[in-house]
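What follows draws every value from the coordinates through simple rules; no lab data is involved. Remember, predicted model here, so these are calculated numbers, not experimental data. Counting neighbours? That spans all protein chains shown, and the Cβs are built from the backbone with ideal geometry, glycine included.
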């Protein structure tokens, strides 16, 4: 197998999820940084790789994979241990539902292109943009807080796909100054996960270009 290539941006929460999955599986991979802040994702060179113009994208085994949860699903099937998506149908659906609270309900409406549209197309002020971010991250976190266990991780004793989504979203929440006091279980889980070597290795500060 050729070495997988991850089209990545250090502060992308979607790419961060995939980096965690690769690290947990012990996969040796190559980074191809795409500078979202500079608009590189919209350029012809990257559009030729991924017509959607988003990160992450993973080149592996002769295929180009897009969308972070689909990529994680591939990684989980391709490298068996540790398991990130439960085999039991009910547990699998529950793990995916938690992951989608972040990947489908929070992230798409609080990512860079949406925030730039609020600023450019609707003349939103920075306080209004911040209020938007806080509203939607807070709503999703309230759901996850109600589902989170009193002990252990979202996935139980070991992280699952929902934990891989939680840590990057908590990074975003701190970045945008969302008060986290209403979410003590999520704060506890996030702190525990960031102590895992694979999570630490995938963190934005660990992969940020010099």
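Here are some notes:
- Nitroxide proxy distance, nm - points 7 Å out along Cα→Cβ at residue 126 and residue 151: 4.5 nm
- Segment residue 28-residue 109, extension gain: residue separation times 0.36 nm, minus the distance between their alpha carbons: 26.0 nm
- Extending 7 Å from Cα along the Cβ direction at residue 92 and again at residue 200 yields two label points whose distance is 3.4 nm.
- Ranked by how many other beta carbons lie within 10 Å on average, peptides 132-139, 177-184 from highest: 132-139, 177-184
- Gyration tensor (alpha-carbon) shape descriptor, the stretch 5-82, a/c threshold 1.5: prolate
- By DSSP, the beta bridges lying fully in the stretch 1-147 are antiparallel in about 65 percent of cases.
- Protection proxy ranking, highest mean first, for peptides 36-46, 53-63: 53-63, 36-46, where packing is the per-residue count of other beta-carbon atoms within 10 Å, averaged.
- Ellipticity at 222 nm from helices only: DSSP H runs of n ≥ 4 in the chain, each -39500 (n - 2.57), divided by the residue count, give -16000 deg cm²/dmol.
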